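Since every read-out is calculated from the coordinates, none of them should be taken as a lab result. Since the model is a prediction, treat every value here as computed from it, not as a measurement. We place every Cβ from the backbone using ideal geometry, glycine too, and count neighbours over all the protein chains shown.
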Amino acid sequence: MNGPHTYTDGHQPARRTFLKQIASLFAVPFAVSPIAACNTSTDNRHITGSMAGANAATGHLLRTGNFPAATKTLDTEILIVGGGATGLSAKRWLEQHGQNNVLLLELDKQPGGNSVAGANSVSAYPWGAHYMTLPDTTNTDLISFLRSAGIITSFDSNGLPVYNEYYLCHDPEERLYINGHWQEGLVPRFGTGSTDRLQTERFLKETERLKHAVGNDGQPCFAIPLDTSSADEEYRRLDNITFDQYLTENGYTSRYLRWYLEYCCKDDYGSTLHQTSAWAGLHYFASRKGRAANALSSAVLTWPEGNAFLINALKHQAPDNVRTNMLVHNLELTAGGVLVQCYNAASRSCTTIRARKVLLCTPQYITKRIVGTLQYPASAPSYAPWVVANVTLDRFPASSGFPLCWDNVIYGQESVGYVNARHQNLGHLPGSVVTYYLPVTGDDTLASRRSIRELPYTHWRDRVVQDLEFAHPGIRHRITNIDVWIWGHGMVRPSPGYIWSNARQAARQPIDNRVFFAHTDLSGISVFEEAFFQGVEAAKKILQTS
Amino acid sequence: MDRTAADSGLRRDQNILLFSVFAIATCGLVYELVAGTLASYLMGDSVTQFSTIIGTYLFSMGVGSWLSRYIEDHLLRWFILIEVLVGVVGGCSAPLLFLLFEHIASFRIILYSLVGITGILVGLEIPILMRILKANLAFKELVARVFTFDYIGALIASLIFPLVLVPYLGLIRASLLFGIINVSIAGLLLYRFDEAKPFRRSFSVTIVASVMLLLVAFVYADRIMTFSETLAFQDRVIFAKNTPYQRIVLTRNNRELRLFLNGNLQFSSADEYRYHEALVHPALHSLPHAQKVLILGGGDGLAAREILKYPNIDSITLVDLDPAMTRFFSSNTMLRRLNHDALLSPKLHVVNSDAFNWVKNSHDSFDLVVIDFPDPANYSIGKLYSSAFYEELHHILRERGIIVVQSTSPYVARKSYWCIAHTLQASGFITVPYHAYVPSFGEWGYIMAMEQYTWRTDNPLPTGLRYISNATIKDMLYFPPDMSELPTGINKLNNQALVNYFEDEWAPYIH
């Protein structure tokens, strides 16, 4: 959390609530209508909380570029810039393959990128990425990491991984609030018509076929990591049209089905049907081919703290030489390697680092500002802003229909719903924390980014309460705290034409075999598997060129 | 002031006073009936309860009447003050008795003290009132009118109490409502009599505060006991409490006490011995050298009571999530009589913690583990029947140790029952399924689980058992065709197969 300030609204909520209760006592005998006029903002005053967010202030120093002169010099063989899943995966790989002179610099107070987590007395909770799908058994690097982290406990006689059951998402997994009722599963069924069901079936059948489809080069058409997908033009051309166009061309008109597909795009990519390429939209359904001895291929791995669990496992396996609060602001090639300038936001001093090789695991909008005079062909993808809120409740209210699940979605809302952070807990404690996710999908991302940063805490608090109240009337009285995190650049969007563009390929090419690049925005899909792959591939290239 | 005006003023004053005789008579009898009903609800045996309550009440009224001779002057002031006190004490008696029932060991002392105080105050009222009216009425008239209104009030009370108050308001709200009426009468007198002027201001504050108190209690009475809930149970609800984990409800009739958690019957005192003997003895009699026992769930102390019948047991750890449960069953006299003070035994150690994490983090080991969780009716309880949970039991089970699991009804929920057995097998245990007939539950199932088959059926049993004998044990092992084994899935955290079976199978039984 970044310098939280507690919001009090200048009043004493406790006393007000008390007076209100007393007043309501006298109103009870005379109350004719149960519908009390309620002003949202005043009704939410009992809720405490604050704004949190990634360290945008330090990052924005890059724009002004005024840094003091360096007072120290450091030497390292390899410097990694950026401590998200990509950077940490690269560091682990390098150290496990004999390279032990690696230094990692992270801008924030803690590594993790968008897999950071928080915790309070009720539960740990994610601030961003919070689950991972089961990887394909051919993804051996990732499988061996999961084995070493205890996420896979063994392999059965067929060689299929046995997953730690504490980490497989417990049942029940998903529910949807639709037509005034909570139904099991996210595909709209309750109150939908036969056309909707037929089209949904047809779509799911088609994606099931695509799951097993192989291109003319013998590669699977849709794979994770996505770079291992087939180059067959028949499939790749789908990247040039929007998912919306694809659906229209194929006669998918059901509004329920289209809502569901848009929900999926927003959930994984932060983008609408118009903003997502058809290839990426189909990839969501056709790429999940993980197999396990003790779970279905649709299973997911999750933890109360979300993917911070994976981050900690990566850190645990390569624990040394990670420095935080470090902003890299310039680099230049020298005879022996790379000269890197960095600013320590805590001590407000600068250090020069002499590295033989540098791996930039930063998003491209940062990368292009720190490469200095080097010619870097940034591919300029679009990034989805996100608003994430962690909502603490003293008790989760009972609801009509299917009971509380891990993932709880409300049909028709802009938000993609909320995740129960305590779902994987084994004990039975009274309180709960749910993580509410809102992708900001305006087409003008610059304007939306600016506007979400300007809106005050009370706006987001009331927005979250209002969205939850829709499916849980009266839930506001159970909410004790809401903290809000604004992600200006939450995740890369697989916009039409991006994934299979030459620009993406160009932006990944190392410069002079000394400066390397890895990030999920160089893949186009922001998931842990892609980050891990990006980091490991870059590490392999670095080792090959030594 | 001319004479006719003074006369009508006097008549009006008289009428107000006589009306208050009527009102306080009604209130007084309502308090008495509330106390009597409550005592027979909470302690059973209505004949004894009613006659001792009525006796105490009438005697206290006598004491009150006698005490009235010490009140010399300021009669109206005294009368108003007593009215307020009767209203507050009488009005709050029912909620207080319900609230204190779980905490107080000597519940009777509180009960009779409240009845006594109310009686004394009510006893003071009529003599003082008669002395106030004495100035305006001839003695003959006075006695006739006062007692007429007194008895009419009593008649009204005895009619509306069973016909209106109990069925429509419940005991707590009835008692509070009459408290409010009582205090309001005091307010009426305060404003209608000029003599009250000097103390009107200070008394007004007291009266407003008292009405507020009673009104708050009236509005929040549902927090003590949801009235609608009392209608949902067949018997009288004598205790109900929302804890952060569950709703505990205790009901009683002339024959038995019943405990409900979240509306599900946990035991009936009439036949719980069958359930608990069957839960404990088949396993424990086969472990003559057992010393340490773990009970998971079972906060009622009834399984512990059976375990304490074995002198070789020197330590019982009882892990129950809800401190309110274990507190209730270790402090309330009636419940302590039922569990033979098992929760107060020096051999027993209560841990209020969730069982899954406790077992997962425990470094202790046990000869017997008794698992007495509620039925797997929801997903959070379903986790406590999962293979992941059973696998954790290996590290706390001593060599040759036995686990016994209450496993719902193999007759009603056949798939659920065998799913538990198969899940235990998949988690590396040898299982011995058995069942017993418990009249209030029906046919009920248990499963013993062990790492090697070391179980014996012929060791000696403690004396004094009412259901289990060596022959009963052999009987319980046989499953007739309508309950016999059938194939099921394994209950895992990521499929919760059991909760789904359980829901399907019990659904037809839930109205």
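Rounded to the nearest 5, what is the percent of antiparallel bridges among the DSSP beta bridges in chain B? Beta bridges within chain B, antiparallel portion: roughly 60 percent.
Placing one equal scatterer on every Cα of chain A and applying the Debye formula, the log10 ratio I(q)/I(0) at q = 0.06, 0.09, 0.13 Å⁻¹ is -0.31, -0.69, -1.41. Principal axis extents of the C-alpha atoms in segment A:71-194 (largest first, rounded to whole Å): 67, 45, 33.
Give the dimensionless ratio obtained when the Cα radius of gyration of the protein assembly as shown is divided by 2.2 N^0.38 Å. It would help to have the intermediate numbers written out before the result.
Numbers: Rg = 36.8 Å, N = 1057, 2.2 N^0.38 = 31.0 Å.
Cα Rg divided by the expected 2.2 N^0.38 Å: 1.19.
Working from Cα pairs under 8 Å separated by at least six residues, relative contact order for segment B:3-219 is 35 percent. For segment A:46-106, the Cα gyration tensor yields ellipsoid semi-axes of 30, 21, 9 Å (square root of five times each eigenvalue, largest first, whole Å). Straight-line reach from B:Lys309: taking Cα to Cα under 27 Å and skipping same-chain neighbours fewer than 8 places apart, the lysines in range are B:Lys292, B:Lys347, B:Lys474. For chain B, the longest piece that avoids every one of the GluC sites (Glu not before Pro) found in DSSP loops with at most 13 other C-beta atoms within 10 Å covers B:73-484. Rounded to the nearest 20, the Cβ-based charge dipole of chain A about its Cα centre (Lys and Arg +1, Asp and Glu -1) stands at 1220 debye. Please work out whether segment A:348-462 counts as rounded, prolate or oblate from its C-alpha gyration tensor, where a ≥ b ≥ c are the square roots of the eigenvalues and a/c under 1.5 means rounded, while otherwise a/b larger than b/c means prolate and anything else oblate? It is prolate, given that a/c is not under 1.5 and a/b is the larger ratio. Taking the empirical scaling 2.2 N^0.38 Å for compact globular proteins as reference, segment B:3-219 has a Cα radius of gyration ratio of 1.03. For chain A, the number of Lys pairs separated by eight or more positions or lying on different chains, with C-alpha atoms closer than 15 Å, is 9. Can you bin segment B:381-511 into rounded, prolate or oblate? Criterion: square roots of the alpha carbon gyration tensor eigenvalues sorted a ≥ b ≥ c, rounded for a/c under 1.5, prolate for a/b above b/c, oblate for the rest. Oblate, since a/c reaches 1.5 and b/c is not below a/b. Equivalent ellipsoid of segment A:256-340: semi-axes from √(5λ) of the C-alpha gyration tensor, largest first, are 37, 23, 14 Å. Starting from the exponent 0.38 and prefactor 2.2 Å, build the expected Rg for segment B:221-335 from its residue count and divide its actual Cα Rg by it. The reported ratio for this selection is 1.18.
Counts of other chain beta carbons within 10 angstrom of each beta carbon in peptide B:354-361 average 3. The alpha carbon centroids of segment A:275-326 and segment A:377-448 are separated by 17 Å. Inter-chain Cβ neighbour count for B:212-222, averaged per residue, equals 2 (cutoff 10 Å, partner chain atoms only). How big is Rg to Rh over segment B:271-509, alpha-carbon atoms, Rh as the Kirkwood inverse-mean-distance radius? Over the Cα atoms of segment B:271-509, Rg/Rh equals 0.93. What does DSSP give for the protein assembly as shown in terms of the percent of beta bridges that are antiparallel, rounded to the nearest 5? Antiparallel: roughly 65 percent of the beta bridges in the protein assembly as shown. Helical runs assigned H by DSSP (4 residues or longer) give the protein assembly as shown a calculated mean residue ellipticity at 222 nm of -13500 deg cm²/dmol, each run adding -39500 (n - 2.57) before division by the residue total. Computed from Cα atoms, the angle from the helix A:85-96 axis to the main principal axis of chain A rounds to 40 degrees.
Highest mean packing comes first when the peptides B:157-164, B:422-429, A:145-152, B:298-305 are listed by Cβ atoms within 10 Å, giving B:298-305, B:422-429, A:145-152, B:157-164.
Over chain A, what is the relative contact order in percent, taking alpha-carbon pairs closer than 8 angstrom and at least six residues apart?
Numbers: 1112 pairs, mean separation 128.6, N = 546.
For chain A, the relative contact order is 24 percent.
Remark: segment B:271-509 carries a charge dipole of roughly 420 debye about the Cα centre, counting +1 on each Lys and Arg Cβ and -1 on each Asp and Glu Cβ. Each residue of segment A:300-307 is assigned a 3J(HN,Hα), and the resulting list reads 10, 9, 8, 9, x, 8, x, 6 Hz, derived from the Karplus form 6.51 cos²θ - 1.76 cosθ + 1.60 (θ = phi - 60°), x at Gly and Pro. Check cross-link reach from B:Lys383 to the aspartates and glutamates: straight Cα distance under 16 Å, and skip same-chain residues fewer than eight apart. Partners within reach: A:Glu165, A:Asp171, A:Glu173, B:Asp320, B:Asp354, B:Asp372, B:Asp375, B:Glu391, B:Glu392, B:Glu503. Partner shielding of B:490-498 amounts to 5, given as the average count of beta-carbon atoms from other chains within 10 Å of each residue beta-carbon. Hydrophobic long helices, here whole DSSP H runs in chain B with Kyte-Doolittle means of at least 1.6 and Cα atoms spread over 30 Å or more along the helix axis, are found at B:75-101, B:107-134. Under the convention that each Lys and Arg Cβ holds +1 and each Asp and Glu Cβ holds -1, the size of the dipole of the protein assembly as shown around its Cα centre is about 2320 debye.
Normalised by the number of residues in chain B, what is the relative contact order in percent for Cα pairs under 8 Å and 6+ residues apart? Write out the running numbers ahead of the final one.
Working: 846 pairs, mean separation 63.5, N = 511.
Relative contact order of chain B: 12 percent.
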